[in-house]
Each structure stands twice: as structure tokens, then as C-alpha cells.
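Each remark here refers to the structure printed beneath this line.
FYI, it's all coordinate maths here, none of it is from the lab. Keep in mind that this is a model prediction, so the values were computed, not measured. Heads up, the Cβs are rebuilt from the backbone with ideal geometry, glycines too, and the neighbour counts pull from every protein chain shown.
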Amino acid sequence: MRASGFSVLSFVLVALAHVASAKAGETIVVKITDLAFVPAEVSARVGDTIEWVNVDFIDHTATASNGAWDLALPAGSRGRLVVKQAGVLGYFCRVHPNMTGTLNVNEK
Amino acid sequence: MRHPKALYAIAAVLLTVPGGLAFAAGAGPSDAQIAHIAYTAGDLDIKAAELALEKSQSKTVRAFADDMVRDHKAVNDKALALVKKLNVSPEDNDTSKSLVKDADEKRAHLATLSGAAFDKAYVENEVAYHKAVNGALETTLIPSSDNGELKSLLETGLKIFQGHLKHAEHLAGSLK
Ligand SMILES: [Cu+2]
């Protein structure tokens with residue numbers, strides 16, 4: 001039957017999509033430009049990767065406010081981090097602490 | 001010992017520049033003078049940081065000084081590339097001269113200190129110095145600059161130095 005065949009197919013597709021995201025996670029890009037994290041607030045799920053791309057001519061860091069991680073981001077570089085814990089986590093740049101950002105991390 | 005008041009005097013000199021003795025009334029500093037003042041201010045902060053790297057044993061103070069050398073060099077390199085591109089020769093002026101004179105005296109005083117006393121005095125001076133320079137950028141140097149690229153570089157510089165000010169304030173709080 002046509003209708004049920006369609007729903008079985010969409011179920012399979014959703015299941016496949018779920019497996020794929022559980023495996024690889026998504027990459028969420030945060031640009032660092034003119035002394036700001038853009039966007040300053042991003043949502044992610046456990047297992048996703050946050051990638052910071054520093055297009056400024058000076059070095060920055062992405063440093064977790066709770067001390068969990070501290071990523072050096074030299075001028076023109078990019079740095080990645082896989083998020084491992086759900087929750088709201090603030091971060092900042094150690095060199096320019098008025099640069100701040102927030103990760104909203106949900107369960108997988 | 002020099003009173004922090006002396007530092008606010010730098011701010012006062014810079015802030016009163018447009019109507020003051022350094023520049024023709026109403027004209028404000030020229031781009032060639034602004035470039036010289038901004039470059040000089042950065043260079044003086046690098047010199048203070050180099051002194052801190054010679055003298056301080058504190059890991060956090062040394063890390064801050066490393067940041068100052070790296071950032072101010074990066075900004076000054078940009079400034080040099082820009083004046084070259086614009087074919088402008090930075091022009092010495094009374095504001096630059098008073099900045100140099102005051103910073104030289106301050107460094108001579110810091111050189112007589114050591115240990116925790118040095119760290120505290122260096123970091124407190126960094127707070128006052130960045131406040132003074134940022135104030136001058138906001139009220140005089142940025143509004144007076146005619147060239148768009150120079151203005152834009154000064155605006156980026158201001159954001160960088162506002163970051164340094166906050167960092168220095170945190171550090172000063174932790175040394176108390
Ligand atoms: Cu930064």
C-alpha cells in the first residue's frame with residue numbers, strides 16, 4: 001500500500017539520519033572577527049564539534065569559564081573542540097576577557 | 001614614588017590635545033601625528049612588558065606581559081604597514097614626547113622594585129596606562145583621524161586595548 005510504504009521509508013530515513021548524527025556529530029562554526037565571537041551564543045548536542053575560526057590579525061583563545069578547556073587560537077588559525085557534556089557553558093578569551101561566548105549543549 | 005595622579009596627567013594631556021598647545025586650535029592632531037602617538041603608546045607598553053619579563057617571577061604577570069608584547073607588536077606592525085601604504089611619515093609631537101617622558105620615568109621607578117611590589121606596581125600601572133590611552137583614542141585620536149583606514153585600525157586597536165584593560169584589572173585584583 002502506497003501510504004504505509006511511504007511512512008516505512010520515512011521511518012528508515014529518520015533512523016539513518018539519527019545514526020549518522022550520533023556517529024559523526026555536526027560541526028558548528030564560530031567566527032572570531034574584530035574582537036568578537038560570532039555568533040556569541042550557539043546551540044549544540046553532545047558529540048558535536050565547535051570550530052572557532054580566527055580571522056583577526058591578533059591571537060585569541062577560547063577558554064571555558066569552568067576551566068574545562070583552553071584553546072589557543074593564533075591569528076588566522078582555526079581550532080576545534082568536541083563537546084562532551086550537556087549544559088550551558090560560558091567561555092571567554094584570556095587575552096581580551098571582554099570577548100565572551102556561550103555554548104548551549106543538549107543531550108544527544 | 002610617583003603618584004598615580006601622574007598617570008591621569010597623561011590622560012589629561014591627551015584629552016586636552018585639540019585645544020591645547022600641541023596642535024593648532026580647532027584642527028586637532030593630523031593623521032601623521034596621530035599615527036606617531038598611537039605607535040609610541042604601543043611601543044611604550046612593549047617596553048614596560050619587556051621590563052616585566054626581565055623582573056617578574058609571577059607566572060600570571062609574565063603571561064600578561066607576553067600578551068602585551070605580542071598584541072602591541074601586531075598592532076604596531078599593522079600601523080607601520082598602513083603609514084607606508086598611505087605614504088605618511090609619522091610626525092613627532094608634544095603629546096608623543098610627554099608620553100615618552102612619563103613612561104620613561106615610570107619604568108625607571110619600576111626598575112627599583114622587585115618581587116610582589118614590582119608585580120603590583122607594574123600591573124596597576126598597566127590599568128592606568130590602558131585607561132589613559134583608551135580615553136585618548138576615544139575622545140581625540142579616533143574622532144580626529146581623517147583617513148578611513150587609519151580610523152578603522154585605531155578602532156580595532158581600542159577594542160584590543162579595552163580587552164587588555166579588563167585583563168589587567170582582573171590581574172590587579174588577584175595580586176591584592
Ligand atoms: Cu582575544
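Neighbour counts of other Cβ atoms within 10 Å put B:R107, A:R80 in the fewest-to-most order A:R80, B:R107.
Placing dummy labels 7 Å off each Cα toward the beta-carbon, the span from B:D146 to B:E50 is 3.4 nm. Taking a straight Cα-Cα cut-off under 18 Å and skipping sequence neighbours fewer than 8 places away in the same chain, the lysines within cross-link reach of B:K97 are B:K47, B:K106.
Over 20 Å apart at the Cα level, from the set B:K120/B:K166; A:K31/B:K166; B:K59/B:K159, are A:K31/B:K166; B:K59/B:K159. May I ask you to derive the FRET efficiency for B:H109 and B:H170 from their Cβ-Cβ distance with R0 = 22 Å, giving the value to the nearest 0.05? After rounding, the FRET efficiency stands at 0.40. For B:K78, a cut-off of 18 angstrom between C-alpha atoms picks up these aspartates and glutamates, skipping any fewer than 8 places away in its own chain: A:D34, A:D56, A:D59, B:D31, B:D43, B:D45, B:D67, B:E91, B:D146, B:E149, B:E155.
Taking chymotrypsin sites (Phe, Trp or Tyr not before Pro) across the range A:35-65, the ones in a DSSP loop with at most 16 further Cβ atoms lying within 10 angstrom of their Cβ are A:F57.
Ordered by the count of other Cβ atoms within 10 Å of each Cβ, fewest first, B:L154, B:L51 give B:L51, B:L154. Stretching A:V82 away from A:K108 to a fully extended chain increases their span by 8.1 nm, per 0.36 nm per residue minus the current alpha-carbon distance. Modelled label positions at A:D34 and B:A63, each set 7 Å beyond Cα in the direction of Cβ, lie 3.0 nm from each other. The separation of the range B:51-119 from the range A:21-93, counted between C-alpha centres, amounts to 31 Å.
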